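Structure, as structure tokens:
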Amino acid sequence: MTLRLLLPPLPAIPPVAVPREVRRMVRLTYLTALTTFFGYILLIAIGLLRDLVCKLLDWSKSDELMGYAPICPPFEDFYTRRIYHRIQDCFGRPIASAADAWIDVVELQSNDNDKTLRRTSNTSRCLNLGSYNYLGFAAGDQYCTPRVVESLKKYAPGTCSARADAGTTKLHIELEELAARFVGKPTAITFGMGYVTNSSIIPALVGEEGLIVSDSFNHNSIINGARASGATVQVFRHNSPSHLEEVLRENIVKGQPGTHTHHGRRYLSLLRGYTACKASSACVYLDEAHSIGVVGKSGRGVCELLGVDPADVDIMMGTFTKSFGSCGGYIAASEEIIQHLKHGCPAHLYATSMSPPAVQQAISAIKVVLGEDGSNRGAKKLARIRESSNYFRSELKKMGFVVLGDNDSPVMAIMLYDLAKLPAFSRACLRQNVAVVVVGYPATPVILARARICISASHTREDLIKGLKFCRSSAKLVALWERNASLPNQRRQRRWTERSSREEEEEPSYDLHV
């Protein structure tokens, strides 16, 4: 038997070319790219060597498939065993408290090199920079919580039925009317899960003869919904209205996220994309899962922020899971579209409806934002989240971090690039009692691992100062140097900036009153 026969097959690695829109957002140096790729190559080489040793010494517990097909493709299997398992303690950490400004993170243990993790009885009190609790409703509210408790007594935890059967209560009808009024549309329909809102209604709206043009950074729910529709799907470059306009010339249906969780969003590019759609008489589908309730003067989303009439946006999608501290999602549109969804959307016909207490939480939270609770707490929350987000982002940039995300957005990404820095940064933050979310391949391009920061209105200025201090010290521990220190060639940095400026100037202008 030769060594060649014993070598495990080299997994097919997906393309790692960095998209143009990503290069424009991130000033990536050659040294950073080189070290990041080298890190992946080293991990793959070590993984292949370990597989070889296991095969030579017959340490594999289940080498044979016993006649069954593989559960996952070879590369996915290899990546999970040899790369993900080394860092899986950084993902899905359980919490033992409400998702407030500070949370109790459950400590995990492993006796098999992190292949399996076991919960312990120990917890760490951590500053919460990872939850989508933008307006601070998730931890209870003086107006919302008593009404939620009352709805629990009256309606019980669940309806045990679909909306089309016996799962519609007065609360569901009230929430749909309130959501439609809040976003400025004639009517709305609600679903029990935000992910399902996208993945189920897109196939109900677009068939096999349709054409969907989707932002390259759209959420997985939109991607799966577009695939399930059977329609032809084309992708336009993120933050590139000119590329969108090229595809729109053939009359399309598009999906465009409002404020995405992992990538930077330029609101001006969003506005240009909207005007390009209207100029082409295209149907506009706007995903505001993260922007509704937090973006705009009164929290009504990007339409309010950019001065766009909601009547000109055909379909507006949003969720109650972020800003409003509840669950579920909604679609706001014309009467004709909503009636079509009620008659043909599986999530409405067959899935169990939203829990009544969750419905009441969404109703109460929206009323607080609108000021219908008899106070100005909603306006104060909106002012606080914008001030806190802009302060935290500006301070991170002053420290030298590369930060993605537009002003006023509570979501921001700290670029880590190297996969090895992803778990190192996460663990260093946890040791200093800061809970952050880290994101890497395949959720991001191979070379663009990052830490995602979410700011909440429940954070005090003292909380933010502590978070900045901990982020800086954690960055030093993992050698996440300041941006200027990672750019020894300042002329190269200027070339990146000048090139980006030229590309932005080349973007065509649009009449914003189309």
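The values are calculated or read from the model by the stated rules, or taken from the named source; none is laboratory data. Remember, predicted model here, so these are calculated numbers, not experimental data. In this analysis, Cβ positions are derived from the backbone assuming ideal geometry, glycine residues included, and neighbour counts consider all displayed protein chains.
Residues in the stretch 209-226 that are closer than 17 Å to Asp287 by Cα and either outside any strand (DSSP E or B) or aromatic (Phe, Trp, Tyr) (or both): Ser216, Phe217, Asn218, His219, Asn220, Ser221, Ile222, Ile223, Asn224, Gly225, Ala226.
For the stretch 296-306, the candidate set comprises residues that are in contact (Cβ under 8 Å) with a residue 40 or more places away in the chain and assigned to a loop (DSSP other than H, G, I, E, B); within that set, the residue that is nearest to Ala99 (Cα to Cα) is Gly299.
The condition of being within 30 Å of Val439 (Cα to Cα), at pLDDT 95 or above and of a type outside the set (Val, Ile, Thr) holds for only one of Ala332, Ala347, Ala362, that being Ala362.
Among the criteria (1) under 22 Å from Gly194 (Cα atoms); (2) surrounded by fewer than 22 Cβ atoms within 10 Å (Cβ to Cβ); (3) aliphatic (A, V, I, L, M), the one Ala424 does not fulfil is (1).
Yes or no, residue by residue, for (1) touching a Lys or Arg at 6+ places or on another chain (Cβ under 9 Å); (2) within 30 Å of Arg427 (Cα to Cα):
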residue	(1), (2)
Leu129	yes, yes
Gly140	no, yes
Val149	no, no
Cys160	no, no
Leu175	no, no
Leu178	yes, no
Met193	no, no
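The residue that is nearest to the chain's Cα centre (by Cα), counting only those in the stretch 137-171 that are farther than 16 Å from Met354 by Cα and of a type in the set (Ser, Thr, Tyr), is Thr145.
Residues are listed down the side, and each one gets a yes or a no for (1) hydroxyl-bearing (Ser, Thr, Tyr); (2) over 23 Å from the mean Cα position of the chain (by Cα); (3) not in a helix (DSSP H, G or I):
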{"position": "Val294", "(1), (2), (3)": "no, no, yes"}
{"position": "Gly318", "(1), (2), (3)": "no, no, yes"}
{"position": "Gln339", "(1), (2), (3)": "no, yes, no"}
{"position": "Asn390", "(1), (2), (3)": "no, no, no"}
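Across the stretch 160-182, the number of residues qualifying as modelled with pLDDT of 95 or more and either crowded, with 21+ Cβ neighbours inside 10 Å or part of a helix (DSSP H, G or I) (or both) comes to 13.
Given the criteria outside any helix (DSSP H, G or I), crowded, with 18+ Cβ neighbours inside 10 Å and not small (Gly, Ala, Ser), does Thr120 qualify? It is false that Thr120 is outside any helix (DSSP H, G or I), crowded, with 18+ Cβ neighbours inside 10 Å and not small (Gly, Ala, Ser).
Put simply, of Gly400, Gly467, Gly440, Gly378 the only residue that is surrounded by fewer than 17 Cβ atoms within 10 Å (Cβ to Cβ) and small (Gly, Ala, Ser) is Gly400.
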